[in-house]
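The values are calculated or read from the model by the stated rules, or taken from the named source; none is laboratory data. This one's a predicted model, so the numbers in the text were calculated from it and none came from an experiment. Because the Cβ atoms are built from the backbone with ideal geometry, glycine has one as well, and the counts that use them run over all protein chains shown.
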Amino acid sequence: MVIELTRLAIGLLILVFHRPLADWIMPQERALLLLQQRGVSLPGALRAETAHNTYFLMGTFVVLFPLARIWLSLHAGGV
């Protein structure tokens, strides 16, 4: 139960801070694009709005799975 609650907390933190998280990661992704100049094949960097939406959806999925496991464990146990 502690692991599910920890996953739930991490997912909620991702949901709350999805914009700052995406803004922090985007410059690092752009730095990886320098490898393209040296011949490494990588996809292009995401736009800001796409990155925000991606991290919001990732946080939503991280929240939904432990929430479902907690709900099922409480109802399956007869509580």
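Per-structure values
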| item | result |
| --- | --- |
| Check on Ile3, surrounded by fewer than 12 Cβ atoms within 10 Å (Cβ to Cβ) and either under 26 Å from Leu74 (Cα atoms) or touching a residue at least 12 places away in the same chain (Cβ under 8 Å) (or both) | yes |
| Filter pass, Pro43 being free of Cβ contacts under 8 Å to residues at least 12 places away in the same chain and either part of a loop (DSSP other than H, G, I, E, B) or more than 30 Å from Leu64 (Cα to Cα) (or both) | yes |
| Any pair with Cβ under 9 angstrom, 6 or more apart, that starts in the range 7-25 at a residue that is under 16 Å from Thr50 (Cβ atoms) and ends at one that is of a type outside the set (S, T, N, Q) and in a loop (DSSP other than H, G, I, E, B) | Ala22/Leu46 |
| Residue in the range 34-79 that is modelled with the highest pLDDT, counting only those that are basic (Lys, Arg) and within 27 Å of Leu12 (Cβ to Cβ) | Arg69 |
